[in-house]
Amino acid sequence: MPGNNRLDQIDHIVVLMQENRSFDHMLGFLYPDKRTPSGKPFEGLKGDESVPWNNGRVGVFPIDASAPDAYFMPGADPGEGYKATNNQLFGTLTPPTPAPVPAMDGFVADFADAIRFDTQRGDKIYPGTKPENIMGCFTPEALPVLSGLARGYAVCDQWYSSVPTETLPNRAFALAATSRGRMDDKHQKGVPPFPYPSIFGLLDHAKPPVDWAIYSCHQQLTRLDFPDTVGADPRHFGSFDDFKAAAANGTLPRGFVFLEPDWRPTGNDQHPNYDVANGDALMRDVYSALRGGPHWDRTLLVITYDEHGGCYDHVPPPSGAVPPDDVASPTGFDFTRFGVRVPTVLVSPLIEAGTVFRAGGGTPLDHTSVLKTVEQRWQLGPLTRRDAAAPGVGDVLTLDAPRTDDPLEGVAAPVSSGNNPAAGTTSHLQAVCEALAAPAGT
């Protein structure tokens, strides 16, 4: 662990992982002119970024928060699997190996394909949705909580999802530093999709053991993902109300806390095309619970997203990722490319306001950086080669004394004005939760 940070002053590492949004889509307009007020560089949007479409070009644009469809943008569910991600990055489903630097110019064309697919499948789409919507990006005024925390503490503008594909493999990397070759969300009823050790088992077997908990806003997913969570003591699991109560009375685990949003289309996970405003409200609730508790001064909150979900980002994901193990993917992917950049905000009273935090060496931040930070804090070994190579985030903690100001004082979460197009339907992750909870073989 680097010797100049205050990571040893942190007793609670809390992670909220949301669903399927890219960095530019959520935070690209955070700082105008790609500079913070103090002049620090910020890899955001200039406003002139564009991609080809129909013999012309479509540019990025700020989402009008007053429009009825604003918080349901882009209006349909974009493509998010390995092939769709390749199409968005390279303009082809099958880039050569080794892959070139992505041009990041296939987003509108791929979203046009996704709209057709969603329509054929009968998925709910916001009226008037068009391919150009994928270039819409939220302004700080539209997302006052996420943007307020990003400005008031630290934003990571070079944090990448771990693999260029969809939800479950990236969540596996976030908690186990590998997907063991998996590049899709396929699963069997009653069978944990990732039958290998996770951070939770690593914490259990530490000497002395390090405590942990998973709190869920609705259905439990992570509990069903790994053998060491399936077989864990029930005391490690609770509802979001349990989380708020533990934060308030000082009984949060001294260790690692993982928060799951509500996966329902009317919930707060922010999966397209669900209500983004509900997710901003969830962040407000998480932050307020932690800040109002007795252990705020010794807490680090990480807010991130598992993958980009097909939403536009202009920064090419880097190559040079360390393959976690020797398990090959059926797709032929070799795990040496990171996934698309996702929004990540680091929150602690030991962080200077207005920080733009990046890794110091050649390896960028990705989801396994959370694992590395936990391992550094409690002096644990790595789970795989990927988290062994990952940079931690402890160096963001630079202040000698905890801050007492509140960057969200007077800030309220937004409320959407349109009608949720997916209300009354069952989300993909709801279906995954129900299948994993079912008896095997049924």
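The values are calculated or read from the model by the stated rules, or taken from the named source; none is laboratory data. No experiment lies behind these values; they were computed from the predicted model shown. FYI the Cβ positions are ideal-geometry reconstructions off the backbone, even for glycines, and counts take in every protein chain you see.
The C-beta contact set for segment 214-243 (first residue free of Cβ contacts under 8 Å to residues at least 60 places away in the same chain, second residue surrounded by fewer than 19 Cβ atoms within 10 Å (Cβ to Cβ) and assigned to a strand (DSSP E or B), distance under 7 angstrom, 6+ apart or interchain) comprises 214/237; 215/238; 215/239; 216/239; 223/237.
Scanning segment 231-261 for residues that are out of contact with any Leu (no Cβ under 9 Å at 6 or more places or on another chain) and of a type in the set (Phe, Trp, Tyr) yields a count of 1.
Answer yes if at least one residue in segment 201-221 is surrounded by fewer than 19 Cβ atoms within 10 Å (Cβ to Cβ) and on the phi > 0 side of the Ramachandran plot, and no otherwise. No, because not a single residue in segment 201-221 is surrounded by fewer than 19 Cβ atoms within 10 Å (Cβ to Cβ) and on the phi > 0 side of the Ramachandran plot.
Considering only residues of segment 249-290 that are over 18 Å from residue 73 (Cα atoms) and assigned to a loop (DSSP other than H, G, I, E, B), which is nearest to the chain's Cα centre (by Cα)? Across segment 249-290, the extreme among qualifying residues is 261. Restricting the search to strands (runs of 3 or more DSSP E) fully inside segment 1-110 and requiring at least 3 residues that are at pLDDT 95 or above and out of contact with any Ser or Thr (no Cβ under 6 Å at 6 or more places or on another chain) gives 12-18, 50-53. Of all residues in segment 64-103, those that are farther than 26 Å from residue 128 by Cβ and aliphatic (A, V, I, L, M) total 5. For segment 227-250, the count of residues that are within 22 Å of residue 366 (Cβ to Cβ) and touching a Lys or Arg at 6+ places or on another chain (Cβ under 6 Å) is at least one. Taking residue 364, is it more than 19 Å from residue 18 (Cα to Cα), modelled with pLDDT of 95 or more and not β-branched (Val, Ile, Thr)? Judged against the criteria, residue 364 is a match.
Here residue 86 meets each of (1) within 15 Å of residue 312 (Cβ to Cβ); (2) crowded, with 21+ Cβ neighbours inside 10 Å; (3) touching a Pro at 6+ places or on another chain (Cβ under 6 Å) with one exception, condition (1).
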